[in-house]
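Undergrad: Provided herewith is a single structure, encoded as C-alpha cells, for subsequent inquiry.
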Amino acid sequence: METFTLTRREMALFLMALSGTCPKSPLVVLQDAWIRAHREDMEQGKSFSVLLSTLLPQAFEKLVKGQKLTGFSLHDIVSLGNLIEYTNFSITSMQNWVKRDFKAYLGTPKAGKKYSLDQMVMLFIIEDLKSSLDFESIRKLFEILFGRSETPARPMIDPLKLYQSYSALFEELDENNDQLLDVPIHDGSLRNHDAFIEQRIMQKTENFVKSLEQLKTEERETVRNVLIIALISVQTAFFHSLSRRYWNATLFLRHLQTM
C-alpha cells in the first residue's frame, strides 16, 4: 500500500491547524497535500482508487470523522512522524527519548495520559537534529531554547514556531524541489561551492530572525544559529535516507542471489 507522505512544511501547516494558528482546518491541510501529490491521478479520474490503496494513520481517520485531536500517544507520534519525508521514527526510540534521553526537557505527558502538541513537535525536532548532532548537543540547544520542564520559563521560541520556520526556509532554499539546497551563484574557478551554500543559508536565516522583534539581539543570534543547524540537518536527513535505501537494496538482493 502507498504511504501518505508530507513535506516538513506541510506537516508544520498541519500542526499549526491543530493548534488553531492556521486559517485552514487540519483536514483541509491534508487534502491540499494529497492534491499536490496526486494531481495527475485526479486528472485521470484515479484519485478514489489511489486513496483506497493508501495507508492512513489512525489520527487522520479521526479527523475525517470530525473528531478533534487533543493529545497524542507515542504510537500516534510515530505514525505521524513517519509521514514526514526522509524520517525514521520508531516506538523504541520515542520511549527512550521521553523516559530518559530528553525527559528533562519534554516532561511528563501534558494532555491527560497523552503528549501535547508542543511535546510532539519537540520530538519531531529531535528526529531532524539527530541527523547532524549527538544527543548531548541537542540537549544543550533545548536547554537554551526551551528550558527544563521542571523549571518553567518563557521559551526563547515556541517549538512549533521553530519547526515551522526551518521547514519553510528549507523549501525556500530548495526552489526546484530536488531535496538539495540551491546555490544560484557559481564560480568556475572554484573547486567547490560550500561558501556559497553557507552564505545563502546565513542570508535567509538572518532575514527571518529580524522579524522576531520580541527577542534580544543575542537571542536572535542564537535562534539564527539553531535554524542554520536545523536546515543542514534536514539536508543531511535526505542523504541518510538515500544511503539507507541503497543499503537495504544491497542486502536484500544479496540474500536473493544466495537462495
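Undergrad: May I ask you to sort ARG154, ARG8 by Cβ crowding, counting other Cβ atoms within 10 Å and putting the fewest first?
TA: Going from least to most buried by this count: ARG154, ARG8.
Undergrad: Enter the per residue convex hull volume of segment 96-243, computed from alpha-carbon coordinates, in Å³ rounded to the nearest integer.
TA: Dividing the Cα hull volume of segment 96-243 by its residues yields 137 Å³.
Undergrad: Determine the gain in length on full extension of the stretch ASN96-PHE239; use 0.36 nm per residue of separation and subtract their C-alpha separation, reporting nm with one decimal.
TA: This chain segment gains 49.0 nm when fully extended.
Undergrad: Still on this structure, please answer the following. For a quick check: sort ASP178, ASP32, ASP76 by the number of other beta carbons within 10 angstrom, fewest at the front.
TA: So the residues, fewest neighbours to most, are ASP178, ASP32, ASP76.
Undergrad: How much length is gained if the chain between SER19 and THR151 is pulled fully straight, taking 0.36 nm per residue apart and subtracting their Cα-Cα distance, in nm to one decimal?
TA: Here the segment from SER19 to THR151 would lengthen by 45.1 nm.
Undergrad: For LEU6, which sequence-distant residues (separation of 5 or more, or a different chain) have an amide H within less than 5 Å of its own amide H, given hydrogens modelled in the peptide plane?
TA: Distant-sequence amide H within range of LEU6: ILE84, GLU85.
Undergrad: Given a Förster distance of 25 Å, report the FRET efficiency between LYS68 and ALA168 from their Cβ-Cβ distance, rounded to the nearest 0.05.
TA: 0.50
Bear in mind these aren't lab numbers, they're just calculated from the coordinates by the rules spelled out. Just so it is clear, the model here is predicted, and its values are computed rather than measured. With ideal geometry, Cβ positions are generated from the backbone for all residues, glycine too; neighbour counts draw on all protein chains shown.
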